[in-house]
Amino acid sequence: ETGVTQTPRHLVMGMTNKKSLKCEQHLGHNAMYWYKQSAKKPLELMFVYNFKEQTENNSVPSRFSPECPNSSHLFLHLHTLQPEDSALYLCASSQVPTDTQYFGPGTRLTVL
Amino acid sequence: DAKTTQPTSMDCAEGRAANLPCNHSTISGNEYVYWYRQIHSQGPQYIIHGLKNNETNEMASLIITEDRKSSTLILPHATLRDTAVYYCIVFTGGGNKLTFGTGTQLKVEL
């Protein structure tokens, strides 16, 4: 569980706020991912980074802005979100994109 | 990636083996079978994966049929803490997408 950490664990924000989610992996991996899990829905892949370069954007609205300053850190910047964006946001990492992915505990986001 | 079919829910008595089935009849030769579980509102936890041979680790065993069209995850001595949703996923890795379905809700009871 300490391999991939996410902060904060819970976040409540208004639609006009700007906030950021942080993910850090301590596994020496080179690929990192953001997933979204809405209530009673399967996980949806949002973004993939490999060696700090974004390799996939799964048609995510521009109000979600990822940033990967190095292979160990991944951020998701949030602005002008909608209530339907309320969900569990999960970060994962893997050695390379074809390898086993390990997940963090998630950030439970509520947009009011 | 190929699609998987799992029962919606299963019950198991604590201390007994939990056998979770998965059908993946359209699996390709280069696709691995992965198992993850997710305890309520936590991140998915990797359990085990395999290609053709049966696999065992400290958490579970994975039995893959010879034709690779189905597999079974075995938790040898289930505990209450094993109550979770278990996801069977077939994955090549080439498309990056680890596609989670609806999984099996395993409930371990006293």
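Any read-out appearing in this document is the output of simple, stated calculations on the displayed coordinates, not a laboratory observation. Being a predicted model, the structure only gives us computed values, none of them experimental. Reconstructed Cβ throughout: ideal geometry from the backbone, glycine too, with neighbour counts over all protein chains shown.
With the highest mean first, a sort of the peptides B:9-22, A:82-95 on other beta-carbon atoms found within 10 angstrom per residue produces A:82-95, B:9-22.
For the peptide B:27-36, the mean number of other protein chain Cβ atoms found within 10 angstrom of a residue's Cβ is 1.
What the Cα convex hull of chain A gives, in volume per residue, is 93 Å³. Maximal additional length on extending the B:Ile63-B:Ser28 stretch stands at 10.9 nm, based on 0.36 nm per residue less the C-alpha distance.
State whether region B:39-107 is rounded, prolate or oblate according to the following rule on the C-alpha gyration tensor (a ≥ b ≥ c being the square roots of its eigenvalues): a/c under 1.5 gives rounded; otherwise a/b larger than b/c gives prolate, and the remaining case gives oblate. Judged from the Cα gyration tensor, region B:39-107 comes out oblate (a/c at least 1.5, b/c at or above a/b).
Amide H to amide H distances under 5 Å link B:Ser70 with B:His24, B:Thr65, where only residues 5 or more positions off or on other chains count and H is placed in the peptide plane. The Cβ shell under 15 Å around B:Cys12 holds other residues with a net charge of 0, Lys and Arg each +1, Asp and Glu each -1.
Each 5 Å bin from zero holds the following percent of Cα-Cα pairs in region A:4-64: 4, 13, 20, 27, 23, 10, 3, 0.
Quick one: net charge around A:Ala87, please, counting Lys, Arg +1 and Asp, Glu -1 for every other residue with C-beta under 12 Å from its C-beta.
So the surrounding residues net to +1.
Taking a straight line from the alpha carbon of A:Lys52, these lysines sit under 19 Å away, with near neighbours fewer than eight places off in the same chain left out: A:Lys22, B:Lys97.
Per-peptide packing, taken as the mean over residues of other Cβ atoms within 10 Å, places A:68-80, B:53-65, A:99-111 in the sequence A:99-111, A:68-80, B:53-65 from highest down. Its Cα centre serving as origin, chain A has a Cβ charge dipole (Lys and Arg +1, Asp and Glu -1) of approximately 380 debye. Taking the square roots of 5 times each eigenvalue of the Cα gyration tensor of region A:72-112, largest first, gives ellipsoid semi-axes of 25, 11, 8 Å.
Per residue, the convex hull spanned by the Cα atoms of the protein assembly as shown amounts to 117 cubic angstrom. Dipole magnitude for the protein assembly as shown: computed about the Cα centre from +1 point charges on Lys and Arg Cβ and -1 point charges on Asp and Glu Cβ, it is near 540 debye.
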